[in-house]
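Structure record follows, encoded as structure tokens.
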Amino acid sequence: MSGPAPDPCRNRYPEGILHPGSRRYRERMSRHRSSQPLWTAALFVTLAMALGGCVAAPPEPTQPPETTIAPTTAPVVDPGPAPRIDATCDDILDSAALQDFMGLVASPLAVATPADRLTPDRAAGEQLGALACTWTNGLQVDPFTGPDIDGQSVRLSILPEGIDDAIAYVDLYQIADPTYGEHVQGPRCLGPADGMDGGYCELFGVIGQTWVELTVDGIAVQSGTPTIDLLAGFRSVIDPLVARVGTMEPHERWAPSKPSTIGEAACDVLTPTDAIAATTGIPELSVGPHWDGPHVGQYWYATTQTGAQRCSLGMSDSDAAIGQIGILPSGAWAYDRYHDAWIAAGGTPVAVPGVADGDAIARCVDAAAECNIDLRVAGAWIRVTVYPVPELEPEYGPPIAYYESARSSAADIAAIVAAQVTAAA
């Protein structure tokens, strides 16, 4: 005969507490029922009821699920182009050796910052990934009298493409030199023996996988210095350049995240003469490309590749000009990159109709300096430039009133160009 069913609550009571259904519990209650106060009995009954039900312990409290907050992502800013060779200006040309070769005139040579030297059309090469460097002794070029006789400048551009155009350039002038390769013009120098007051040296052509253009102007030399000595000094500076550049592997060309679509538009569309002449009140104004000589070299290659324009504010009755308008499609990177430098140099934000707030900066306070208005429009960099006002009424060329009128109308000219660029985009 089987025993009683196992008690599901057995061994679940704390030590010293009897199960309400056990014999010992009934006996104890029988002996003491008459002597225990009612509240004690009630306590036992309550405890029995609680324990007799075999109520499970409450579950452990659970933690609320963690809330995952998605990290905020800053907008990606296109950094713009960078040199496609792994070198800096100082890596390519030793500044101390360059200064020794040039000689000290007025002031030492110093690197010109891009914010100071670049215009939209001149930035086309750098948009293609050229390493561009300029050193000067700080003496400026006067638009009326030409370069200062004591001015010194070194200009270097290393473009890692356009090899066929580089060869065409060298072949055009038919003064190739085999020193550094078949398709190189230079090392070549001119000095006092060639009828010059100072010295000039150059190097153009294909070095390795790059197109090199280097000019060195304003070299301080004695009147009796033979050209061969000038050439030897030049080679001591550029031999290391040629050796290093000749082994470089260029990187890929930068591509804008949002390419501009105005590359095919030219000056007659983007800078209409009739509208600009009307807003300036200058009837003889003729706006368009003014350039002598063949369209060869890095400048023309780069502007053709990028669609960059330089539209002169010229005169229909002479070769003179009172300013120019530069446009670089997909060149908004330059506006972003140099914006702070222009502000630090005295630029101020200016309102231009059709241009978003913060996308136009004017530097036009000093009449003895250029008036520049830089714009960022439809992904392009635009600059309207009016040359300094002459101190004296020119004997030939535009009168002072034309410069003054163009400067006072610079923002209106900028609005016309901005509208045309926007329409062409």
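The values are calculated or read from the model by the stated rules, or taken from the named source; none is laboratory data. This is a predicted model, so every value here is computed, not measured. Cβ atoms come from the backbone with ideal geometry, glycine included; neighbour counts cover every protein chain shown. Note: areas computed on protein heavy atoms with side chains; ligands, DNA, RNA excluded. Shrake-Rupley method; radii C 1.70, N 1.55, O 1.52, S 1.80 Å.
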Could you say whether any residue in the stretch 392-400 is modelled with pLDDT of 95 or more and closer than 23 Å to Arg117 by Cβ? no
Within the stretch 212-227, identify whether any single residue is assigned to a helix (DSSP H, G or I) and at negative phi, and answer yes or no. yes
Which members of the stretch 163-182 meet the condition of being within 32 Å of the chain's Cα centre (by Cα), open to solvent by 10 Å² or more (accessible area, probe 1.4 Å) and of a type outside the set (D, E, K, R)? Ile163, Ile167, Ala168, Tyr169
Would you please list the contacts, defined by Cβ atoms under 6 Å and residues six or more apart or on different chains, that run from a residue in the stretch 179-206 that is modelled with pLDDT of 95 or more to a residue that is small (Gly, Ala, Ser) and open to solvent by 10 Å² or more (accessible area, probe 1.4 Å)? Gln185/Ala176
For the stretch 388-425, how many residues meet the condition of being under 21 Å from Leu270 (Cβ atoms), of a type outside the set (A, V, I, L, M, F, W, C), open to solvent by 40 Å² or more (accessible area, probe 1.4 Å) and out of contact with any Leu (no Cβ under 6 Å at 6 or more places or on another chain)? 2
Determine if the stretch 291-302 includes at least one residue that is polar (S, T, N, Q) and over 29 Å from Ala411 (Cβ atoms). yes
Subset of the stretch 294-331 (residues that are in a loop (DSSP other than H, G, I, E, B) and either under 16 Å from Ala265 (Cα atoms) or not polar (S, T, N, Q) (or both)): Pro294, His295, Val296, Gly297, Gly307, Ala308, Asp317, Asp319, Ala320, Pro329, Ser330, Gly331
Given Ala369, Ala419, which one is out of contact with any strand residue (DSSP E or B) (no Cβ under 6 Å at 6 or more places or on another chain) and assigned to a loop (DSSP other than H, G, I, E, B)? Ala369
Options Trp342, Trp333: the member that is surrounded by 19 or more Cβ atoms within 10 Å (Cβ to Cβ) and under 24 Å from Leu128 (Cα atoms): Trp333
Subset of the stretch 248-262 (residues that are out of contact with any strand residue (DSSP E or B) (no Cβ under 9 Å at 6 or more places or on another chain) and within 16 Å of Ala130 (Cα to Cα)): Glu249, His251, Glu252, Arg253, Trp254, Ala255, Pro256
Please indicate, with yes or no, whether at least one residue in the stretch 98-105 is over 24 Å from Gln305 (Cβ atoms), exposed (fewer than 14 other Cβ atoms within 10 Å of the Cβ) and touching a residue at least 60 places away in the same chain (Cβ under 8 Å). yes
Among the helices (runs of 4 or more DSSP H) confined wholly to the stretch 93-198, which include 1 or more residues that are touching a Ser or Thr at 6+ places or on another chain (Cβ under 9 Å) and among the basic types (Lys, Arg)? 114-117
Kindly list, by first and then second residue, each pair from a residue in the stretch 267-293 that is under 18 Å from Ile400 (Cα atoms) and assigned to a loop (DSSP other than H, G, I, E, B) to a residue that is open to solvent by 40 Å² or more (accessible area, probe 1.4 Å) and at pLDDT below 95, limited to pairs with Cβ atoms under 6 Å and residues at least 6 apart or on different chains. Glu284/Ser316; Glu284/Asp317
Ala255 open to solvent by 50 Å² or more (accessible area, probe 1.4 Å), out of contact with any Phe, Trp or Tyr (no Cβ under 6 Å at 6 or more places or on another chain), in a helix (DSSP H, G or I) and within 28 Å of Pro81 (Cβ to Cβ): no
